Amino acid sequence: MSSGMRRRTKTTVSATAASKKFGKYKKEDQKRAGKADVRDEAVERLMDAFRQFMHGKAIIEGLLEGLAYSSKDVEKFSLSLIEFQEDRNFSSKAGHFLSSLINNGADSDYVIHTGHMEAKIDLIGMENTKNITVHGDVGDEVGIHMKRGSILVEGNAGENAGLEMEGGSIVVMGDALKNIGIGMKGGHITIKGNTLGPIGNVERGTIIVHGDAIDLSIHIEEGEIHIEGDLRLAQGNPDISRIVSRKGKIYHKDELIAEDMASGLAFIDMYSGMENEESAFQYGFLPDDEEE
Amino acid sequence: MAGRILEPRKKLYAALGKIADKYHFAPLTEGPNGKLMHKNLVLMALTYILDKNHLLLGEPGWGKTTAAKIIAAKFSGVPYDVFDAVEIRGHSQKYEEKVVGRPNYGKLSVGEEDVVWQGTFGAPVLVVDEGNRLPFDTQDVILQGIDTGRWNYMNRSLYEGKKPTFITMNEKTGTHQNGFIPALKDRFDIVTEQGYWTTMIVFDLKKARANIQKDLCDSKYTQAALDALAKDYPSYKKALEERPIGGHLIKEEKQLINDEICGLALDNDGMLFLQAFMAEVNHSNQYGSKRASDHISQDTHDKNHAGVNVRHSFSPRSVMAAEEYAKAFAWFLQENPGLDHVRFMLPHIFALKATVTDEYKNLHGNDVRKVSEMLHLAEKLVEEVHKRYVESIQPMKNFIAVLQQWEQGERSEIKAEDDQSKQLLKDLTKIDKGEIKAEEAPSLKDDKHDHPLMKDLVREAREGDKKAFYEED
């Protein structure tokens, strides 16, 4: 090597390089990972209102009175909820608050982010009348008492999806836990993935499960339930409770498998291997003459 | 009666309000933060201010060219009928001589070469109707002109400077469609669509046309300008110096607006989101970078990002357009430019250039939408990138924060909020002590990170002060 050449000895992350390359950004502050810095004044006001609600200092209606916000503010607010996710009762309080924001908001379409949080939010879309898209999973009771509109969950749902809903549609792109459509009085639920556990009691409405139904029991009064995947029992357990359909219809891979109590009973026989009477006793099936 | 002197932004507001009320009805759309606006008109106004190239898309008869000429007249002050007379109308026989210039046959006959320039690029705004119907050679000619502001014919060259350009295109139906050459397509900075939104204005259209005629046209001026053009080009330019249409932006006002826009800076979220979008589209684990000639990547990491859904890259030209339009839009709204403005603009910047894959089209084939498929898919892409951005950006910001503090000497104050930052701090300390090289630092290995933007940040931090051998002292 000639004397004129300079040997480079070590590579550093030098002041010059970093200030050149990262100096173009305004000063960033360290924040807990996932705590998104997307706030502005309107969102700060929503945060203040939520803080008061979390600490039981006020009821929602009072907090939202006179508060002006847009669907974009609600979206940003949902990102900021990560600050509270370790607080007691966060899951239900957050869902209740978000639902109220949406129902009382001026816009018709809302986006909520949950994918950045570890905690799941319950009660999203409570008494819903709007169109909600959830980027991420939801906890339990999504769409509880929903009246109309739509909820699209891009992730998974917890238990009791569509609890006592009256109308509108819920679509879950992933899986859902037990008791889909429990107490459902109208509307539609679609689960693109699998469901684990019972479906129903459905008074009226339509449920479609594109994936498998695991550890199944179904109870439907009116309406339709479609299972397009496999029906699977919980391992080693022949007790699948009951499949009860009074006026409703149950389809498995487009084949009608139950449309009244008798055929439902036959379906149970098929899975449990028990005799007709035995299974009726086992599962507490109401005999026809005891119906009103 | 003396006119009011308005601050340029207010003048812009007044002009747009008048256009929407009297000359060209447009639907109201909500912008970021809920402000209602006539989105298409606003974007066209920004194109005028920034001297950009704007593609207007839509079915025949929905007022694309009319809107372009209204914007041109109202903002430049040159009457509407001048643009009517000198616009380039696309058809298969439109050769270079009809667009740029022709030989001066009189002089040629006595052995003297000279060019008679056409009037289009002498006007303050270029309007090209049905540009996709122009022959490819003519598109090449226009490409150079709208890109450089210089128009060449024979051995002569005329510099007119970069001007705002509006090119219309009907939706692809029927025959006689050349389509745009790729190089010209790449020069379009922005695309908007015009189409049906209501029947309630249909009986007012005749009145609107009459208003255009009354307020925006000046037949004497136009005839004088065309007569001057027939005489010589400098006379034509002189004839266009007077600007009779009221409420227009004078040259100094347009310059002032541009200066104000240039003086704005995107906030960190705006910059990082734009970088994230560019990184997701352009990065490929399998091929290094996005190329239309490559097959779509099957790499597992690539499948999580936007690049797997498009065939073409998101070029620096497009990034610059996105930044400029975002800043201009924020200026227009009297807001600080940030993520929301970038997010608003990106679909219009990228829609024409993306060329989404068939799989992505099929995925959204049944979507309910209010815009063309092209714009809708671009909106979906931006939405998906945004979703990943908000879920993954804080660790990247923490990474930047640690490096900023480290290099500003605030080392004892650095508080690492996540595992990545803690590792980075450890590594920086070791590098500083000479215990390891930057290339060996675990936090500075870009293959440890999934998001392409994080890979970029890590790579930049690691490269340190590396230079080419010819850059060294």
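The values are calculated or read from the model by the stated rules, or taken from the named source; none is laboratory data. Remember, it's a predicted structure, so these values are computed and weren't measured experimentally. Neighbour counts are summed over all protein chains in view; Cβ atoms, including those assigned to glycine, are modelled from backbone coordinates with ideal geometry. Please note that ligands, DNA and RNA were not included when accessible areas were found on the heavy atoms of the full protein model with its side chains. Shrake-Rupley method; radii C 1.70, N 1.55, O 1.52, S 1.80 Å.
Some points to look at:
- Segment B:435-468, residues that are under 25 Å from B:ARG388 (Cβ atoms), within 9 Å of chain A (Cβ to nearest Cβ) and touching a Lys or Arg at 6+ places or on another chain (Cβ under 6 Å): B:LEU444, B:GLU460
- The listed residues are A:ILE102, A:ILE132, A:ILE121, and the only one of them that is away from chain B (no Cβ under 14 Å), under 15 Å from the mean Cα position of the chain (by Cα) and not in a loop (DSSP other than H, G, I, E, B) turns out to be A:ILE132.
- Positions within segment B:423-434 being among the charged types (D, E, K, R) and either facing chain A (nearest Cβ under 8 Å) or open to solvent by 20 Å² or more (accessible area, probe 1.4 Å) (or both), in sequence order: B:LYS426, B:LYS430, B:ASP432, B:LYS433
- Enumeration of residues in segment A:167-177 that are crowded, with 19+ Cβ neighbours inside 10 Å and on the phi < 0 side of the Ramachandran plot: A:SER169, A:ILE170, A:VAL172, A:ASP175, A:ALA176
- Flag if B:TYR236 is open to solvent by less than 10 Å² (accessible area, probe 1.4 Å) and not hydrophobic (A, V, I, L, M, F, W, C): yes
- Of all residues in segment B:326-341, at least one satisfies being among the basic types (Lys, Arg) and modelled with pLDDT of 90 or more.
- The residue list B:GLN420, B:GLN394, B:GLN405 contains one member that is more than 30 Å from B:LEU55 (Cβ to Cβ) and within 7 Å of another protein chain (Cβ to nearest Cβ), which is B:GLN394.
- Screening segment B:125-140 for residues that are over 18 Å from B:LEU56 (Cβ atoms) and open to solvent by less than 70 Å² (accessible area, probe 1.4 Å) and picking the one that is nearest to the chain's Cα centre (by Cα) gives B:THR138.
- Strands (runs of 3 or more DSSP E) (entirely within segment B:61-154) containing at least 1 residues that are modelled with pLDDT under 85 and either farther than 18 Å from B:GLN194 by Cβ or touching a helix residue (DSSP H, G or I) at 6+ places or on another chain (Cβ under 8 Å) (or both): B:101-103, B:115-117, B:150-153
- Candidates B:LYS162, B:LYS206 - the one that is surrounded by fewer than 21 Cβ atoms within 10 Å (Cβ to Cβ), in contact with an Asp or Glu (Cβ under 7 Å, 6 or more places away or on another chain) and modelled with pLDDT of 90 or more: B:LYS162
- Unique residue being open to solvent by 20 Å² or more (accessible area, probe 1.4 Å), at pLDDT below 80 and not in a loop (DSSP other than H, G, I, E, B) when the list is A:ASN237, A:ASN201: A:ASN201
- Qualifying residue in segment A:45-68 (condition: in contact with a Ser or Thr (Cβ under 7 Å, 6 or more places away or on another chain) and within 14 Å of chain B (Cβ to nearest Cβ)): no
- The test for being at pLDDT below 90, open to solvent by 50 Å² or more (accessible area, probe 1.4 Å) and among the basic types (Lys, Arg) holds for B:LYS437.
- Members of segment B:356-391 that are within 13 Å of another protein chain (Cβ to nearest Cβ), free of Cβ contacts under 8 Å to residues at least 40 places away in the same chain and in a helix (DSSP H, G or I): B:LEU363, B:GLU379, B:LYS380, B:GLU383, B:LYS387, B:VAL390, B:GLU391
- Filtered by the rule that a residue be crowded, with 18+ Cβ neighbours inside 10 Å and of a type in the set (A, V, I, L, M), segment B:30-51 gives B:MET37, B:LEU41, B:VAL42, B:LEU43, B:MET44, B:ALA45, B:LEU46, B:ILE49, B:LEU50.
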